[in-house]
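Input: a single structure, listed below in structure tokens.
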There are 4 protein chains.
Amino acid sequence: MKKVKVGIVGLGRLGRQHAENLAFRIPNCELTAVCSIIEEEAKKAQEEWDVKYAYTNYDEMMKNEELDAVLIASPSGFHCEQIEKALGANLHVFSEKPLGLYLEEAVRVEEAVKKHEDKVFMLGFMRRYDKSYAYAKKKVEKGAIGEPVLIRCYGLDPSKAIGGFMNFAKNNYSGGLFLDMAIHDLDLARWYLNSEAKQVWAIGGAYGYPEIGQLNDAETGAALVKFENGTMGVFVAGRNCSHGYHIETEIIGTEGTLRIGTTPERNMVTVFNETGAVKECSEGFLERFEQAYLSEVEEFINCIREERKPAVTVEDGVLSTALGYACKESFETGELVTVQSPHNVTRSTT
Amino acid sequence: MKKVKVGIVGLGRLGRQHAENLAFRIPNCELTAVCSIIEEEAKKAQEEWDVKYAYTNYDEMMKNEELDAVLIASPSGFHCEQIEKALGANLHVFSEKPLGLYLEEAVRVEEAVKKHEDKVFMLGFMRRYDKSYAYAKKKVEKGAIGEPVLIRCYGLDPSKAIGGFMNFAKNNYSGGLFLDMAIHDLDLARWYLNSEAKQVWAIGGAYGYPEIGQLNDAETGAALVKFENGTMGVFVAGRNCSHGYHIETEIIGTEGTLRIGTTPERNMVTVFNETGAVKECSEGFLERFEQAYLSEVEEFINCIREERKPAVTVEDGVLSTALGYACKESFETGELVTVQSPHNVTRSTT
Amino acid sequence: MKKVKVGIVGLGRLGRQHAENLAFRIPNCELTAVCSIIEEEAKKAQEEWDVKYAYTNYDEMMKNEELDAVLIASPSGFHCEQIEKALGANLHVFSEKPLGLYLEEAVRVEEAVKKHEDKVFMLGFMRRYDKSYAYAKKKVEKGAIGEPVLIRCYGLDPSKAIGGFMNFAKNNYSGGLFLDMAIHDLDLARWYLNSEAKQVWAIGGAYGYPEIGQLNDAETGAALVKFENGTMGVFVAGRNCSHGYHIETEIIGTEGTLRIGTTPERNMVTVFNETGAVKECSEGFLERFEQAYLSEVEEFINCIREERKPAVTVEDGVLSTALGYACKESFETGELVTVQSPHNVTRSTT
Amino acid sequence: MKKVKVGIVGLGRLGRQHAENLAFRIPNCELTAVCSIIEEEAKKAQEEWDVKYAYTNYDEMMKNEELDAVLIASPSGFHCEQIEKALGANLHVFSEKPLGLYLEEAVRVEEAVKKHEDKVFMLGFMRRYDKSYAYAKKKVEKGAIGEPVLIRCYGLDPSKAIGGFMNFAKNNYSGGLFLDMAIHDLDLARWYLNSEAKQVWAIGGAYGYPEIGQLNDAETGAALVKFENGTMGVFVAGRNCSHGYHIETEIIGTEGTLRIGTTPERNMVTVFNETGAVKECSEGFLERFEQAYLSEVEEFINCIREERKPAVTVEDGVLSTALGYACKESFETGELVTVQSPHNVTRSTT
């Protein structure tokens, strides 16, 4: 079969990583087009990776008939529209999370995806493709821990990145801590527990950075979730982790427990000095999930070539977003919130 | 100053450990009397540790005028009454947790303790005297992690002990998972966060042992607590931990994080074999907290000799119990519960 | 610049990994030819990676004028001759370790490499390109541990692989434990200590597998090396590591210590079960050094494109081999051995 | 049986620890006499622990007929003579390591001990009584690692203590690095490997502290030892460990490996901060081996009461010293040294 020709939109840090992977590290695909509203970025990428087409306008890229697929790595606010357009242009679509910033959007995209059943749609829940997370999933499926009972997820961004976040958040709607940061964890919980969320209580505060409180957001927050099958989820999300990018997940089962990333160590080196025995920590998502970002897109390309659907579905995106919104509502109201089926919600608002 | 003469009541596993410590390992005290309703136990202890007096009746021991202090290690249901009698007999009192099985009892004991201000009263929240926990407390006080934001506490009993628990629980009121297992963690949270609980949501289930559900109790449970100063507490308690006795505490602060007991390793040996690199785990509380059980009673004796009060007060017992009852209520009703001041509660019921 | 066209010889496990990397994961190169004396292997590879040319005869491949470079992953006994032929054919050369099975061969290759100064020659000491090892090197260079004093290297093959080794070793000359297994560690020691070996004492035995003793080889061995600058090296090599592939390196300095791979954990998952807290271990070199195998060849390609020389030189191969032979001699004679300069040795035998 | 009455000589840091243990923490014994040439120390101890007799002259203490036993914690140069005198006074003897500073002395003491067969003699190889080391020994005996093949021992004193050592070493004969520091490790190796040393090569240097070199001693050294049963020992000893007191032992067997003290962590707390995930380390021997120092003397008292001999014999002291001297000789001459039986050596010199 011929190579899958991909166009990418969005050339920020993660976008560039995806582009480089498509250009060099993923078999059987070709980075055929790049698109960024910043012309410079697009040109630089075109030269750097010897790309045939460069665009500053997404709609123009959509008209390129050579393309088989598009990878969307633009700012969150554009995902929805760009997904719909790409599907409309008969392209396979890989979109970075989130599906959309609002639940209604997400549900709308879901419908669009379902209408284009012949197209591969994949959402960038890359953690499922991280070797350690995938290994843990297999362990669970093989019964290594009996039945899962409780999942604990830490999703903590490094303190060093908080300045950048504040600048962004003052002018943009990020979705807030639970939607923006915890969304990967909410998806993982659904994946490992094999159940949907039923009730949630979420709390938090702006402990070290009161400015975050002024945005009605939390710097660090915690949510306790009861799932439909009676299992439990504990989520801690934060933007002020002094030791780095701390992504840790634990699945407690009736016959064993798995932990992924107990210490977010950046490599296999231990430094012993006057401080003690030190494991240095990951600085950010690109460092921690380098392999996962590569593997997920590899899977996307393989799905296209082998005419099959990826394990992460659009529904995963919608339901994780629904849970994220329930967390957000609970945090904002202080109340225990019952998670609504997003489909019913939307229907009622129509 | 002369040696502090101590009588002990209760000679179960923990009682015997305390007795042996008093007899041999704690300076400036003498194990002068032992008491157990099981005559055999009392006699055996008397011989083993060369103790002057042995009783099968607590009231008889209370009449012994040689005694300076009593250590109460009897079943939980007796604590309250025995504390009150000991104070009435003008003795210093060390009581194992809990203060009592019911909140009203605990409040009554609190009043008794306050009436006997010249007596040393100490509650067996031994973890505060564990070297690692004490070290972490000092770290927090020195500002090593900035301001505490969230505490996560795991209190998990080994699966191996579940048979014994079931036998006990079928015939006795244990207080339930949150009061019986999590009480130490609730105290630790108050200690590290320097605040009282405000609201709690607790959930749980009987995942591997449905019999526990029939007792209206949880095998594994989780509680999320909001504290008055805006900080957060995450508690996981359980009776079915396959790898052993897992007590782990984490304090996340604005400038750092501390973890105590990340892996509940029983010693400094790592075994490498076909399984991998294995750290064997603690089997139970006597193994994990051997040093703490010794140090807390050492502190009790020192307080008596130096005429000062221990850092753990009767109020700590009452307030931790109140929080435990709020967890229990939340678990039973499924609702978000506001933690009531135990003093108000009692007053209103009087 | 146009893509570097590479031919590969040897399509065993490691050869196939290199071929796949050249075909898909390394920018700016093209896998143009594959060669294996096993026709099937060559054909399969040609189809699998859509390769232009397939050979069963190395000399034929050497005549292909499209090629810019060759990657040699054939059995050790062929390296020398194939390197010389490739240089003679004016190709850049990447060769898997060892340079050759005999010191004289290695010295001869060194001369050939020096004669073709315009060609890039690189030896597969991949560990230097492993992220953790490279990070440790930078740390050392920045003075993080003061001056290096002692290096400890463990190079232990998994017990599971011992059957395969025995079958091979009965019919082939492997070089023996110290040359075959420890060669990477000997190179690392020279690299981190910045000095050449002066004296060595090596011992060992065939503890669990007496058959290895019958081959005059050691199953597990240890060597203590004194370096010219007064620093020390401790090497433990073995073929019978029950927990897997254990590569661990420690550099003790005057002001700190670094450890790389304290536990040879295969991923970030910890399994807690009745056994304890278990870190599963790497099963073999392809698993442990996947990234390094990719990065070293990436560097090879970059060196060709940027007309510069890699940091690993042919001299590194020669001197590490000389030290390996000194270990071997010490193990066989039981004596303390002074490491001879390979250049002098050869000269004297000429 | 009545309490064992013990006199102690030497009230330095370790002496005081032993005295306090005898006074308070060890059942069935009484600290009856203290002795120090520094009158102040003796008086202070007498008051502090309410001791009946205080001496400044060891010979005077030997005349005290109430004593059953003596614990020798005086400077190393006095051990030999004091042991002989105590045995002559018909006392049970516990002596801190080393038996003596010279091999001839050690052999002489051995003879004295053998003449007083009815007396308990015990040497302070406390590590054998450390819970982790004892646990590892049991594991080995149960076959958990098959047959031991190699032991690796690290005995590294903290850099912080180097000033104190230098002051001492300028005016006193310490025995040098291998005898003074490695002696515990040499004993452990003999214990775990169940064999005596046959040949040794030892090297080292004064890397950060050239003054140590001027004393003909090594700051950090390494020794490789071949044992009579073909097993191997790797020893690293040092006085300049920046992260603290690092005592680590590894036993590699044909079917598994044990490590004791991989990281010399001081407690169960992990600190996460800008540096990374930090385990603080033990500062010294009293911190690391607190429990072992207590347990060994407990065993000594129990041996006296139960009329049995401890597992650590005087021969262990002699043979470990002989190995230490072989290391010293190898380090000083640069040669491979065959370990002589100390008994033969002495006989020949008589």
Tell me, what is the percent relative contact order of the range C:4-124, built from C-alpha pairs under 8 Å that lie six or more residues apart?
23 percent
Cβ-placed point charges (K, R +1; D, E -1), dipole of the protein assembly as shown about Cα centre in debye, nearest 20:
0 debye
If I model a spin label at D:Asn194 and C:Asp50 as a point 7 Å from the Cα along the Cα→Cβ vector, what separation in nanometres do I get?
6.3 nm
Per-residue ³J(HN,Hα) for the range B:68-77, Karplus 6.51 cos²θ - 1.76 cosθ + 1.60, θ = phi - 60°, Hz, x for Gly and Pro
9, 8, 10, 10, 9, 10, 7, x, 3, x
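Starting from the Cα gyration tensor of the protein assembly as shown, take the square roots of the eigenvalues, sort them a ≥ b ≥ c, and report rounded, prolate or oblate (rounded when a/c is under 1.5, otherwise prolate if a/b is larger than b/c, else oblate).
Oblate, because a/c is 1.5 or more while a/b does not exceed b/c.
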For D:Cys241, residues with placed amide H under 5 Å, excluding near neighbours:
D:Asp157, D:Ser159
Measure nothing but the geometry: give the 0 to 90° angle between the long axis through the Cα atoms of A:290-306 and the longest principal axis through the Cα atoms of chain A, rounded to 10°.
50 degrees
Put a point 7 Å out from Cα along the line to Cβ at C:Gly163; what are the distances to that point in the other copies, in nm, shortest first?
3.9, 5.9, 6.2
Angle between chain D longest axis and helix D:314-333 axis [Cα atoms, degrees, rounded to 10]:
40 degrees
Shortest first and in nm with one decimal, please list how far the B:Glu274 label point sits from its counterparts in the other copies (point 7 Å along Cα→Cβ).
1.6, 4.9, 4.9
Straight-line reach check, D:Lys198, cutoff 17 Å on alpha carbons, 8 or more apart in-chain or any other chain, hits among lysines -> D:Lys226, D:Lys328
Per-residue average of other protein chain Cβ atoms inside 10 Å, peptide B:258-267 -> 6
With every protein chain in place, the range A:214-284: carbon and sulfur % of accessible area (1.4 Å)
35 percent
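Quick one: grab the alpha carbon gyration tensor of chain B, order the square roots of its eigenvalues as a ≥ b ≥ c, and give me rounded if a/c is under 1.5, else prolate or oblate depending on whether a/b is larger than b/c.
On the way: a/c = 1.43, a/b = 1.29, b/c = 1.11.
Because its axes are fairly even, with a/c under 1.5, chain B counts as rounded.
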Rotational relation D to B, axis-closest Cβ in chain D, residue and distance rounded to whole Å
D:Arg25, 2
Could you pull out every one of the lysines with an alpha carbon less than 22 Å from that of C:Lys279, ignoring same-chain neighbours closer than 8 positions?
A:Lys131, A:Lys137, A:Lys138, A:Lys139, A:Lys142, A:Lys279, B:Lys279, C:Lys131, C:Lys160, D:Lys139, D:Lys279
Straight-line reach from B:Lys2: which lysines have Cα under 25 Å away, leaving out those fewer than 8 places along the same chain?
B:Lys52, B:Lys63, B:Lys85, B:Lys119, B:Lys309, D:Lys2, D:Lys3, D:Lys5, D:Lys43, D:Lys44, D:Lys52
For a quick check: with amide H placed at 1.01 Å from N, whose amide H comes under 5 Å from C:Leu150's, ignoring anything fewer than 5 positions away on the same chain?
C:Met232, C:Ile252
Just the accessible area for D:Trp191, please: 1.4 Å probe, Å², rounded to the nearest 10?
40 Å²
Residue separation between A:Ser174 and A:Glu65 times 0.36 nm, minus their alpha-carbon distance, gives in nm 35.9 nm
Shortest first and in nm with one decimal, please list how far the D:Glu147 label point sits from its counterparts in the other copies (point 7 Å along Cα→Cβ).
4.3, 5.0, 6.5
Tell me the label-point distance for the pair C:Asn28, B:Glu283, using the 7 Å Cα-to-Cβ offset, in nm and rounded to one decimal.
6.2 nm
On C-alpha positions alone, give me the angle between the axis of helix A:162-171 and the longest principal axis of chain A, in degrees, nearest 10.
70 degrees
Net charge over other residues, Cβ less than 14 angstrom from the Cβ of D:Thr313 (K, R count +1; D, E count -1)
-2
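The values are calculated or read from the model by the stated rules, or taken from the named source; none is laboratory data. From a predicted model like this one, the values you see are computed outputs, not experimental measurements. Don't worry about glycine lacking a Cβ; one is built from the backbone with ideal geometry, like all the others, and counts go over all protein chains shown. Note: areas computed on protein heavy atoms with side chains; ligands, DNA, RNA excluded. Shrake-Rupley method; radii C 1.70, N 1.55, O 1.52, S 1.80 Å.
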